[in-house]
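Engineer: A single structure is presented below for examination.
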Amino acid sequence: MKTWLGALVLMGLAACEPKPAFVADGFRDTNVVITSSTRFDFMRFAGDWMVIESFEQTPREVTVSRLTFKPEAGGYRYISKAAISPLAADAEGGDWPFLTVGQFGRLSPEVGDPVWVIWVDEDHRTAALGTPSGRFGMIVNRTKSLRPDRLKAAREILAFNGYDITKLRKVSP
């Protein structure tokens, strides 16, 4: 009898555990608190980045492959370049939104979800970016070649922040 009672109590407790809450078009459990990097430095983060892996809603043929964060007063001009297909040349996006930079790498566009620098390595060579909604996320690096330890760290940080890293897509080699 005690065994059955104990089993029922455990089943009841398991039922109380919150279920992952994913936005319909998102990749992150929004029940998990998201963090941003205290290591973020405005000038060191500026410049060109290669997208290594990404969570994207776009069709497989169109993927953002490169980013530039161009410093301006109060923020960055965000310039993305998209690969139209694996064999096509990169195409530069025409609309360059402005991102206001807040504390700890919290980047706020004029329209749309804020993008947070969730993690950046000490030398600002690799970063994990994401949104509190979970609709966007990516791992970026200054060059196409990313050391396995930094890729592993970026993935672990995304997972810690509630992202389903099984949905990451490789973009750059």
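No value in this document is a laboratory result; all are computed from the given coordinates. Every value quoted in this text rests on a predicted model; they were computed, and no experiment measured them. Quick reminder, even Gly has a Cβ in these numbers, built from the backbone with ideal geometry, and neighbours come from all protein chains shown.
Engineer: Rounded to the nearest 20 Debye, what is the dipole magnitude of region 24-170 about its Cα centre when Lys and Arg each give +1 and Asp and Glu each give -1 at the C-beta?
Structural biologist: Rounded to the nearest 20 debye, it is 360 debye.
Engineer: I would also like to ask the following. Debye calculation, C-alpha points only, no solvent: report log10 I(q)/I(0) for region 24-170 at q = 0.15, 0.22 Å⁻¹, in the same order as the q values.
Structural biologist: Debye output, listed in q order: -0.72, -1.68.
Engineer: Take every Cα pair under 8 Å in region 24-170 that's 6+ residues apart, average their separations, divide by the length, and report that relative contact order as a whole percent.
Structural biologist: RCO, region 24-170: 29 percent.
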